[in-house]
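Notes for the one structure printed next.
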There are 2 protein chains.
Amino acid sequence: MTYANDMPTVEKVARTDAGLAAELRLGVMRLRRRLAVERHPDNELSLNQMGVLGVLARRGALTVGELAAAEKVQPPSMTRTVNCLLESGDVAKRPHATDGRQVVVELSEQGRQRVLADRARRDAWLAQRLRELTPQERAVLRQAAPILDRLAQKD
Amino acid sequence: MTYANDMPTVEKVARTDAGLAAELRLGVMRLRRRLAVERHPDNELSLNQMGVLGVLARRGALTVGELAAAEKVQPPSMTRTVNCLLESGDVAKRPHATDGRQVVVELSEQGRQRVLADRARRDAWLAQRLRELTPQERAVLRQAAPILDRLAQKD
DNA sequence: GAGGAATAGTTAGCAGAGGTAATGACTTAT
DNA sequence: ATAAGTCATTACCTCTGCTAACTATTCCTC
């Protein structure tokens, strides 16, 4: 289903600079909500938890504070997420080598397996939808993804 | 702080098809979280509530069900959001002309003013960050925004 | 036209995930 | 040695989504 021809579509509005922020925000929020609903059903971990596992897989063992900064949440939120992952057995905590205040979080073998398995069947909802796009549209998104991430990291 | 040079960055990973879904998801989730934090402080309405006002401003009066479909939430969620907007005086409800089951939601004058004011000072956090991008990057996002929105609408 | 099925909205209750404030443990600096 | 700062945690609250159940209305079938 497409929009009616006589009403302002996202495409038209986003052509102006004033509308870009608004439309980008709408698209991001809606897509994120959709992603939360459409995640693979046989994965009992939430999107946030999988995100943390992904960061650990990409960057290696990190402290709770570093994880919080990477995911742009406050430390208490990351403590809770990490504790969930601890209960599910996907990460382990160990004391920092030189600083007794910090706690280092690292992937367990199970967590590593889960990341690999998740990547292997990541072609679920989003990847399927991506396949329905034109190559040009995929190319746009491939360029846009890192920009979105950089925007989230700014300041 | 930026990533170390010897580890896989978002840019590198997203070059492969297998990684695009993952990186797009991460970027979308982080940016959305950031947007929720960085919204303009003198606006007491949430992002969702402003989103609904924006839809009403763009598409005119809609029923609760149409709003729920547009924002990709379930009807009860939209009922609550609309009731919040009703309390704040930004929308009004009226019965549907021909179907007694439906409830039509329309912007009040205050709501219209709020949308205009919000657009006028929308150049807050995101727009400022957008300005810090290169023209090429902005062009990419301008193309990407409608694609993201279409992805969220799929199926 | 009467009765059952379908649809729109709401109410009630629950869960996830975020935040702030306050606390405890440890480190650093004076 | 002590004061100040930092990291993680705990306690508590809010927001926003969901499903299930309920009401009111409309549509369909006989």
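Would you check which residues across segment A:37-54 are assigned to a helix (DSSP H, G or I) and more than 14 Å from DNA strand D (Cβ to nearest atom) and list them?
A:49, A:50, A:51, A:53, A:54
Please go through (1) modelled with pLDDT under 95; (2) open to solvent by 60 Å² or more (accessible area, probe 1.4 Å) for residue A:152 and return the number of the only condition it doesn't satisfy.
The number of the failed condition is (2).
For segment A:68-109, enumerate the residues that are in contact (Cβ under 8 Å) with a residue 24 or more places away in the chain, in a helix (DSSP H, G or I) and more than 8 Å from DNA strand D (Cβ to nearest atom).
Answer for segment A:68-109, where residues must be in contact (Cβ under 8 Å) with a residue 24 or more places away in the chain, in a helix (DSSP H, G or I) and more than 8 Å from DNA strand D (Cβ to nearest atom): A:81, A:84, A:85.
What number of residues within segment B:139-155 are more than 7 Å from chain A (Cβ to nearest Cβ) and without any contact (Cβ under 8 Å) to a residue 40 or more places away in the chain?
The number of residues fulfilling the criteria is 3.
Of all residues being at pLDDT below 50 and not acidic (Asp, Glu) in segment B:10-35, which is nearest to residue B:149 (Cα to Cα)? Just the residue, please.
B:14
Does residue A:64 satisfy the condition of being more than 23 Å from residue A:149 (Cα to Cα), touching a strand residue (DSSP E or B) at 6+ places or on another chain (Cβ under 7 Å) and of a type in the set (A, V, I, L, M, F, W, C)?
No, not satisfied.
Determine which single condition residue A:114 fails, assuming it passes every other condition in (1) surrounded by 14 or more Cβ atoms within 10 Å (Cβ to Cβ); (2) within 13 Å of DNA strand D (Cβ to nearest atom).
Checking residue A:114 against (1) surrounded by 14 or more Cβ atoms within 10 Å (Cβ to Cβ); (2) within 13 Å of DNA strand D (Cβ to nearest atom), the one that fails is (2).
Where residues in segment A:32-84 are more than 13 Å from chain B (Cβ to nearest Cβ) and away from DNA strand C (no atom under 13 Å from the Cβ), which of them is most open to solvent (accessible area, probe 1.4 Å)?
A:41
Have a look at B:120, B:127, B:145 and point out the one that is open to solvent by less than 60 Å² (accessible area, probe 1.4 Å), small (Gly, Ala, Ser) and modelled with pLDDT under 85.
Just a single option satisfies the conditions, and that option is B:127.
I need a count of the residues in segment A:110-121 that are in contact (Cβ under 8 Å) with a residue 60 or more places away in the chain and touching a helix residue (DSSP H, G or I) at 6+ places or on another chain (Cβ under 7 Å).
3
For segment A:57-69, which positions are at pLDDT 95 or above and in contact with a helix residue (DSSP H, G or I) (Cβ under 8 Å, 6 or more places away or on another chain)?
Passing the criteria: A:62, A:64, A:65, A:67, A:68.
The values are calculated or read from the model by the stated rules, or taken from the named source; none is laboratory data. Computed from a predicted model, the values in this text were never measured in an experiment. Neighbour counts are summed over all protein chains in view; Cβ atoms, including those assigned to glycine, are modelled from backbone coordinates with ideal geometry. For accessibility, only protein heavy atoms count, side chains too; no ligands or nucleic acids. Shrake-Rupley method; radii C 1.70, N 1.55, O 1.52, S 1.80 Å.
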